[in-house]
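The values are calculated or read from the model by the stated rules, or taken from the named source; none is laboratory data. These numbers come from a predicted model, not from an experiment. Glycine gets a Cβ as well: all are built from the backbone with ideal geometry, and neighbour counts include every protein chain shown.
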Amino acid sequence: MSALFVDAGPLVAYLCPRDLHHAWAVSQFEALVEPVLTCEPVWTEAMHLVSRYGGDPEHLWAFVRRRVVSLAFDLKSDYEAVAALMRRYSDVPMSLADACLVRMAEIHRDGRVWTVDRDFRFYRRYGRQLIPLLAPF
């Protein structure tokens, strides 16, 4: 079964109506069929940004409670691969959250990264493979 690996951007856009990608994020959430997975670094970033832009972080917790989004990455097991990705893309620079999502896309080959971050156009899994994206660009 395929999965979506959600970045902070779509979560923030969904919860913050003034976000540039709000309408797009709402339409994507309404059309969800795949499991939505993420990692703690993305979750931390989303919590911070939702609060910063006037949203209510409690809505993010509701996503987890209702199993709309699952925290499904173990950095403890994959820190070397994540660190290698961050070194490889140090010129971007790649955030910890982005590196975890790329690693999730490596582990689950049939998944897509759901993002508004254009850096994902340049990231590659396993060094050369394009990462399937769900993005507004």
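At a glance:
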read-out	value
Qualifying residue in the stretch 31-39 (condition: without any contact (Cβ under 8 Å) to a residue 24 or more places away in the chain and in a helix (DSSP H, G or I))	no
Given (1) over 21 Å from A135 (Cα atoms); (2) of a type in the set (D, E); (3) at pLDDT below 95, index of the condition E34 fails	(1)
Subset of the stretch 103-126 [part of a strand (DSSP E or B) and of a type in the set (F, W, Y)]	W114
Enumeration of residues in the stretch 37-55 that are over 16 Å from A105 (Cα atoms) and either modelled with pLDDT under 95 or surrounded by 14 or more Cβ atoms within 10 Å (Cβ to Cβ) (or both)	W43, E45, A46, M47, L49, V50, Y53, G54, G55
Within the stretch 128-137, tally of residues that are in contact (Cβ under 8 Å) with a residue 24 or more places away in the chain and either in a loop (DSSP other than H, G, I, E, B) or among the small types (G, A, S) (or both)	3
Qualifying residue in the stretch 12-29 (condition: of a type in the set (S, T, Y), outside any loop (DSSP other than H, G, I, E, B) and modelled with pLDDT of 95 or more)	yes
Per-region count, the stretch 58-102, residues among the β-branched types (V, I, T), surrounded by fewer than 18 Cβ atoms within 10 Å (Cβ to Cβ) and not in a loop (DSSP other than H, G, I, E, B)	1
Residue within the stretch 42-49 that is assigned to a helix (DSSP H, G or I) and touching a Phe, Trp or Tyr at 6+ places or on another chain (Cβ under 8 Å) present	no
Among the residues listed as R52, R87, R109, R65, the single one being farther than 13 Å from D7 by Cα, basic (K, R) and touching a Lys or Arg at 6+ places or on another chain (Cβ under 9 Å)	R109
Selection from the stretch 56-73 of residues that are of a type outside the set (D, E, K, R) and free of Cβ contacts under 8 Å to residues at least 24 places away in the same chain	P57, W61, A62, V64
